[in-house]
Ligand code: SF4
Ligand code: SF4
């Protein structure tokens, strides 16, 4: 059964046992629709977040935010470099008046195409101006969370990225923003591919960060559980992302759970995780994903994960992996290119993928004529890396074919 058919049949069976919701204006009540059934404490913060939360990287309309609020989602993750996402949240906030009922997280970024993270060397005024601009776009007085975003994304050394994590100017700006009541908590996010675990460990150990948001799914991250334990012991809140392991097309097999539900339950069975952020583009996404809220991991879930791994394991570049780093003599940015290809093919985020690819300093242009594809041998998961890079270059390049 296809995912959409499953969703339609399960929605048709849904009774109207709705939980109390936040009562957003301008949208129908959530009766008969899936709603959030579990809220969890986010470390030592005063945030209790919906276990399934809203990634607004591909936000299509303000009404999606209002609909999600109505169905109990209370945590929204956006960024200045997510296209019109902040502006659409701003439009939603002109209609939704209960600001204190929801949490909004944004990033220290410029409002230009992704990736536009503020880099080392930016002034205190730049950080403050970035937050002020986010607040203005979203019609808000304050952000609940501001992120140092995508640590380990660039092919930088651990030391260079540690400097960005512990940058005194950024920390000073954050303190000023907190004192001014414009920001409540500082967070850091990472989807690798470089040094994900060591960088998050640095963030946690520094004592400066209230929250970490990490890529985490059933197909990789052997060392991450140790980071999660350390963060939890120090009261640092933990949010998961990239939980769908590539979000490749999945089928619902007899006896197995729905893949998306299984993947979410696998992540949420880790007690340190407060919630996950997943990109929600459509009403179908929202309704499908919320069906997993508050449920427990079971044997049928493991079956769904095993089926997905068997079908896609040789084609999915593990987010946060980076095991092949340094294997290309030309310095091709392998893991980031394959991630952008994933954004294009599996997330339907073509524009962002192509813009991000265009901004890379080491694209896959040398791969078409490469005689010794050492990257393929270096992949610890058996991916045909050179072939994938050649395909990615064809897909992501702006070059027009006559
Ligand atoms: S195919 Fe060759 S040029 Fe391309 S990443 Fe692999 S080793 Fe580098
Ligand atoms: S290509 Fe292979 S080794 Fe490299 S990051 Fe992806 S999964 Fe890991």
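All of the numbers you see were taken from the coordinates with simple rules; none came from a lab. Being a predicted model, the structure only gives us computed values, none of them experimental. Note: ideal-geometry Cβ built from the backbone for every residue, glycine included; neighbour counts use all protein chains shown.
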Among 363, 61, rank each residue by its count of other Cβ atoms within 10 Å, from fewest to most, as a rough exposure measure. 61, 363
Under the rule rounded for a/c under 1.5, else prolate if a/b exceeds b/c, else oblate, using alpha carbon gyration tensor axes a ≥ b ≥ c, region 3-308 is classed as oblate
By the gyration tensor of its Cα atoms, with a ≥ b ≥ c the square roots of the eigenvalues, what is the shape of region 218-337: rounded for a/c under 1.5, prolate for a/b over b/c, or oblate? oblate
Rounded to the nearest 5, the percent of antiparallel DSSP beta bridges in the chain equals 15 percent
With a ≥ b ≥ c taken as the square roots of the eigenvalues of the C-alpha gyration tensor of region 121-169, please select rounded if a/c is under 1.5 and otherwise prolate if a/b is larger than b/c or oblate if it is not? prolate
Neighbour counts of other C-beta atoms within 10 Å: give me 362, 149, 393 arranged from fewest to most. 362, 393, 149
Whole-Å distance, taken between Cα centres, linking region 56-78 and region 313-365: 28 Å
Length gained when the stretch residue 123-residue 300 is fully extended (0.36 nm per residue, less Cα-Cα span): 58.5 nm
Neighbour-count ranking [beta-carbon atoms within 10 angstrom, fewest first] of 132, 100: 100, 132
